[in-house]
Each structure stands twice: as C-alpha cells, then as structure tokens.
1. What do you get when you divide the Cα radius of gyration of region 69-217 by 2.2 N^0.38 Å, with N the number of residues?
2. Tell me, what is a quarter of the convex hull surface for the C-alpha atoms of region 158-210, in nm² with one decimal?
3. With a Cα-only, solvent-free Debye model of region 244-371, what are the log10 I(q)/I(0) values at q = 0.11 Å⁻¹?
4. Residues of region 64-90 with amide nitrogen under 20 Å from the 7 Å Cα-to-Cβ point of Asn275?
5. Could the peptides 37-45, 279-287 be put in order, highest first, of the mean number of other beta-carbon atoms found within 10 Å of their residues?
6. What three numbers, in Å, describe the spread of the alpha carbons of the chain along their principal axes, ordered from the longest?
7. Using θ = phi - 60° and the Karplus relation 6.51 cos²θ - 1.76 cosθ + 1.60, list the HN-Hα couplings for region 251-260 in order, rounded to whole Hz, with x at every Gly or Pro.
8. Output the relative contact order of the chain, whole-number percent, from Cα pairs under 8 angstrom with separation of 6+ residues.
Amino acid sequence: MSSKSNTPYVPPGMPPLDLTGRITSFFEFWPLWLMYVPVAVWWLLLSVRYRSLTLPLIASPAVPLSGMVGVEKSAILKLAGDKARHWILPWMIYRVTADERQLQAETVTRELRQAGLSLPIVGKPDIGCRGAGVKLLQNQKELQFYLETFPQGGLIQFQQLSRFEAEAGVFYVRYPGSDCGEVTSLTLKYTPYVVGDGSSTLAELIKADPRAGKLQHLYVDRHWQDWERVISKGQPFRLVFSASHCRGAVFRDGSEHIKPGLVKALDRIFDDIPNYYYGRLDIKFQNLDRLSTGRDFEIIEINGASSESINIWDRHTSLGRAIKTLLQQYSTLFKLGDANRRLGHSTPGLMALIRAWRFESQLVKRYPKND
C-alpha cells in the first residue's frame with residue numbers, strides 16, 4: 001500500500017488510493033456475526049411476510065441453495081454458455097486423492113495442459129468463502145506443496161491467472177422474465193502492498209504503513225520467512241494475493257463508474273446463464289474507462305446468495321448505511337424467491353441449509369493457508 005514516504009502503490013489500471021484521514025470505519029473489523037444480527041432478525045420478519053423461512057434459497061434456482069453456502073463455485077460457472085464463458089477466466093476442477101502428491105502434481109500438470117492451462121495458475125477450493133485457501137502457484141514445487149496441504153477428497157478449482165491486475169466486485173440483480181438487470185454496486189478492491197526503500201525490513205515497512213500497520217496480525221504468519229528481510233528500493237511487495245476484505249484488502253466504493261455499457265455487457269452475459277439472478281462478480285479489468293463501457297474485463301468468480309455488496313466495507317460507509325444495504329439485499333432475495341416460487345420452484349427445507357453450512361465450515365478449517 002505504501003512505503004515510508006507514504007506513497008501508496010496501486011496495480012496498473014487502478015485509480016490512486018487515498019490513505020489520508022480515516023484508515024478504517026469503526027466497525028470494519030467487527031466479528032462478522034455481529035454485523036449479521038440485524039440480518040437474522042430481518043430474515044425472520046420477511047419469513048413471516050412471505051410465509052417461508054427458506055425462500056432466498058430459490059432466488060437463483062439454477063444452483064442448489066442459490067449458492068448460499070456449501071455449493072461448488074464451479075456449479076455456477078458450468079451453467080455458462082459459450083457467450084458467457086468468453087468473459088470467464090478458463091478453469092478446471094481436480095479432486096485430491098490418496099495418491100502420492102508428487103504423482104498428483106504430475107497428473108494436474110498434464111490435465112492443465114490438456115485444458116489449455118499452465119503454470120503459473122491460481123488454485124482455490126471449489127467450496128469455500130472469503131478467499132480461504134486461495135493461492136498463486138508459480139511452479140511445480142508450489143503446486144505439489146498445495147496438493148500436500150489440501151484435504152483428501154477436496155475439490156480444487158485451478159484457474160488461469162488474469163492478464164489484468166486491477167480488480168472490482170460488481171453486484172448484479174435481475175428479476176425472472178426481465179430482459180435486463182441492474183448493477184447495484186461496484187467496489188474497487190485494492191490488494192495491499194508495501195514498497196521497499198532499500199534499508200527497511202518487511203516488518204518495518206508494514207509497521208510504518210498507515211493501514212497495514214494496524215493489521216500486522218494478518219501478515220506475520222503469512223510472511224514469516226521474509227519478515228526480517230530488507231526489501232529493495234522501489235520494489236512493491238504484495239502482502240496478500242486474494243483481495244478479500246478479511247485478509248486486509250482495501251475496498252473503495254466505485255458506484256460512480258456504473259455506466260450503461262457495463263450493465264448491457266452483464267445483461268448479455270446473464271442471458272447465457274439461465275435462472276441465475278443474483279450475486280457478486282469478482283472481476284479483473286484493464287482500466288476503469290474500459291470496464292465502465294463493458295470492455296476488457298475477465299470474470300474470476302460469480303458468487304451466490306450469501307455474497308455481500310462489498311461497498312459496505314468502504315471506510316466512509318456509516319454503520320447505518322451498511323446495515324441498510326445488507327437488509328436491502330435480503331429483501332431482494334426474498335422477492336426473487338417469491339417470484340421463482342410463483343414459477344413453480346419449490347423451497348428446500350431449513351436442514352438442507354444447516355447441513356451445507358456445517359459441511360463448508362469443516363472444510364474451510366482444513367484448507368491451506370492463503371498467500
């Protein structure tokens with residue numbers, strides 16, 4: 001994010017990052033459950049109104065539980081037709097077996113080649129959330145270690161590394177029967193960096209950084225091998241690979257960049273993903289001008305019903321506005337579920353949601369540490 005001169009480093013394509021003034025909102029790193037207490041109450045009230053406790057689970061009936069929890073990321077991507085896949089970064093799925101991991105690394109390399117992919121590549125659990133277990137794998141050794149630390153039987157999604165570095169979270173909603181949707185939020189995702197000055201260690205650079213210095217606990221374990229290493233002058237050092245808020249990424253509201261060209265581009269994409277109406281797209285893009293006009297971007301993930309409109313984590317978002325945004329999201333989920341119920345889709349039982357949540361929670365604990 002910055003060097004000792006407090007000049008923030010940003011990846012190509014991203015606008016400058018202002019780190020003056022308030023560093024975080026006062027609630028930004030509250031326990032997540034605390035933020036969702038009002039949502040739970042609102043869910044119950046909406047359940048009474050719509051006469052169903054699980055209506056959000058058919059908001060996007062194309063995938064189980066609308067992708068709320070415990071659902072493969074690839075389940076959504078597999079729905080995409082040829083036109084939509086043009087915008088999605090190529091990927092493949094591999095299930096970790098009991099075979100010796102060196103042999104598995106060779107198998108993965110061969111399967112990647114057959115799929116038109118190669119190292120370096122991004123490895124991530126096919127079931128998971130908030131960037132858990134996501135790693136950039138640059139060579140065969142890193143691939144083998146990733147396989148060794150991944151739980152047996154787990155599914156890995158290997159995905160092509162984007163040619164772009166700039167990243168955003170774009171929230172899209174579309175109602176059944178409608179020819180067009182709405183982009184309800186666009187949030188810029190800044191991966192945290194420090195920049196070397198040729199004399200300071202990584203630990204010193206992080207401590208001196210106005211934001212990273214407050215989040216040192218996120219980086220000590222991840223970078224213990226480089227903690228006392230002096231970073232060369234002018235060298236950007238990326239603190240995390242996955243631009244997740246809980247791992248230190250900086251989010252800035254970019255709603256002013258929502259333009260008709262972007263909405264039309266997403267409409268065309270979701271024309272080719274049937275019965276999927278709600279979620280956040282994690283997108284890599286060349287620059288904001290091109291993204292706003294619906295050009296030169298690549299979709300990393302399409303997140304399901306539990307995905308947040310991540311502009312709530314902008315430092316200037318008030319607690320009241322953040323809660324209002326979350327409540328509006330769940331109101332939309334119930335409206336979508338009601339529309340799909342009228343079309344004949346049946347709601348699953350509450351136990352299906354609980355079982356999926358337990359399953360995912362146990363898996364996430366076993367995933368490799370993030371970059």
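The values are calculated or read from the model by the stated rules, or taken from the named source; none is laboratory data. Computed from a prediction, not measured in an experiment: that's the story for all the values here. Every residue, glycine as well, gets a Cβ built from its backbone with ideal geometry; the counts of neighbours run over all protein chains shown. Calculation scope for accessible area: heavy atoms of the full protein, side chains included, ligands and nucleic acids excluded. Shrake-Rupley method; radii C 1.70, N 1.55, O 1.52, S 1.80 Å.
1. Ratio of Rg to 2.2 N^0.38 Å for region 69-217: 1.28.
2. 7.3 nm²
3. Log-scaled intensity ratios, in q order: -0.54.
4. Taking a point 7 Å out along Cα→Cβ of Asn275, the residues of region 64-90 whose backbone N falls under 20 Å are 64-85.
5. 279-287, 37-45
6. For the chain, the Cα spread along each principal axis is 65, 52, 38 Å.
7. Per residue, the Karplus-derived 3J(HN,Hα) values read 10, 10, 4, x, 4, 5, 9, 7, 10, x Hz.
8. Computed over the chain, the figure is 28 percent.
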